[in-house]
Amino acid sequence: MLDVYLPMMRCAAILCAGQLGLFQRLSRGEQTVAQLARGLRVDQASLTRLLAALRQAGYVQSSPSARWRNSQHTARWFTAAARVDYSAGLVWTAEAWTIMADLAEVVRRGRPERRLWDLLHDRPELGARFSDYMRAFAEHASPLIARHVVLPRHARHVLDIGGSHGLHSMTLCKKYPGLRATILDDAAALTCTLRLAKAHGLAGRIECQAGDCRTTPLPEELDAVLLYGVAHNHTAAENRRLFARIGKALRKKGQLIVHDYLPGAMPEDYRTLFDLTLLTEVGTRTYGLPEFQAWATAAGFGKLAVHHLDPKEMGTVLIGRRR
Ligand SMILES: C[S@@+](CC[C@H](N)C(=O)[O-])C[C@H]1O[C@@H](n2cnc3c(N)ncnc32)[C@H](O)[C@@H]1O
């Protein structure tokens, strides 16, 4: 029983800290529990118990003078001072937890009652939380992916399907000064995109197009199409159709750049649990290289170049050129 109970409570404590903004507050400097309780506007006695659980989990530490601080691990991954701040991931995972509570029903039914995208659409605040989490991931992954992306110097227009926050396109726009990007996603995922573009000095080079890529007409004569973290949200038949439409939207020698999580290329425990997440949230699954290659070949692309990112948890980049 402890096998289930202890990880559940440890996880609950860490997510709670994320929701309260506890790690961010401690990143300003050591604090007593009374100072911390005042700053977070929470009950001091309850906070004391939460801190004890977080210390046990290795997320905070206390000095002999009863002052609390973040552990090195927390400071590195869950504060604004970190190079990549995954705080938004804690807030999102607290939401995902409530979605996972439906797992037994999903397994009985064989699919979720409502897809994640429908939930995000209904509750805009949820859409913003999910995009924030994806942005944190992208801040981490974007430089690793961009290293493998080589566009011609004259490249002008990239379409970022399911691009959400748009950070991946912004990285490319910085690398290629003549490039502009269209971010195609559901309106619920585009709430922060233009603000972020402005903050990156790219206002005017990033535009948003709200829509469903399965039905929205795609722009033409594109130099590149990004499909990052999107194929695993579709059925195989939908991907086959989408690849064919992307093939038509690209100019000759244009590139389709996919980032995804492939069975066999990522750690097996992560893959198994990610597949269970996809079943619960969207009713889909991960796809392997042979499936991606088959859709690409049918759509007029050559052999896909394959780049596994390091570490393996960061996924794989596949690049196809239109013949
Ligand atoms: C896992 S997130 C990835 C976000 C971003 N590409 C990245 O890598 O950080 C998947 C995104 O695809 C979008 N998406 C899923 N299905 C879509 C569809 N049919 N049409 C447009 N966007 C879609 C979601 O709204 C979400 O923003």
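Laboratory data are not the source of any read-out in this text; all were calculated from the coordinates shown. Since we're looking at a predicted model, the values are computed, not measured. Neighbour counts run over all protein chains shown; Cβ positions are idealised from the backbone, glycine included.
Points worth noting:
- Label zone at Arg115 (point 7 Å along Cα-to-Cβ), backbone N below 16 Å, region 129-173: 161-164
- Lys, Arg +1 and Asp, Glu -1 on Cβ, resulting dipole of region 114-321 about Cα centre, debye, nearest 20: 920 debye
- Between Leu194 and Trp97, the contour length at 0.36 nm per residue exceeds the Cα-Cα span by 32.0 nm.
- Two numbers describe the Cα atoms of region 2-84: Rg and Dmax, which are 12.2, 35 Å.
- Among the trypsin sites (Lys or Arg not before Pro) in region 126-232, those located in a DSSP loop and surrounded by at most 10 other Cβ atoms within 10 Å of their own Cβ are Arg153.
- Gain upon complete extension [Arg285, Ala104; 0.36 nm per residue less C-alpha separation]: 63.4 nm
- For region 40-54, the Karplus equation 6.51 cos²θ - 1.76 cosθ + 1.60, evaluated at θ = phi - 60°, returns couplings of 8, 6, 10, 6, 5, 5, 5, 4, 4, 5, 4, 4, 4, 5, 5 Hz by residue, with Gly and Pro reported as x.
- The phi torsions of region 188-197, fed into the Karplus equation with coefficients 6.51, -1.76 and 1.60 and a -60° offset, translate into couplings of 5, 9, 10, 5, 9, 4, 5, 4, 5, 4 Hz, rounded to whole numbers, with Gly and Pro shown as x.
- Estimated vicinal HN-Hα couplings, Hz - region 143-160 in sequence order (Karplus 6.51, -1.76, 1.60; Gly, Pro = x): x, 5, 6, 4, 4, 9, 9, 10, 9, x, 4, 8, 4, 10, 9, 10, 9, 10
- Proximal aspartates and glutamates relative to Lys248, as straight alpha-carbon distance under 19 Å, when same-chain residues fewer than 8 apart are discounted: Asp160, Asp212, Glu220, Glu221, Asp223, Glu238
- Environment charge at Leu126 (Cβ cut-off 14 Å; Lys +1, Arg +1, Asp -1, Glu -1): -3
- Of all DSSP beta bridges confined to region 114-321, the antiparallel ones make up roughly 30%.
- Cα centre as origin, Lys/Arg/Asp/Glu Cβ charges: region 157-200 dipole, Debye: 280 debye
- Mean-position separation - Cα centroids, region 293-323 and region 199-213, in angstrom: 25 Å
- Between region 252-266 and region 101-178, the Cα center-to-center distance that results, in Å: 14 Å
- For region 114-321, the spread of Cα positions along each principal axis, largest first, Å: 41, 41, 34
- Straight Cα distances below 23 angstrom link Lys312 to the lysines Lys303, with same-chain residues fewer than 8 positions distant left out.
- Distant-in-sequence amide H partners of Ser71 (H built 1.01 Å from N, under 5 Å): Val60, Gln61
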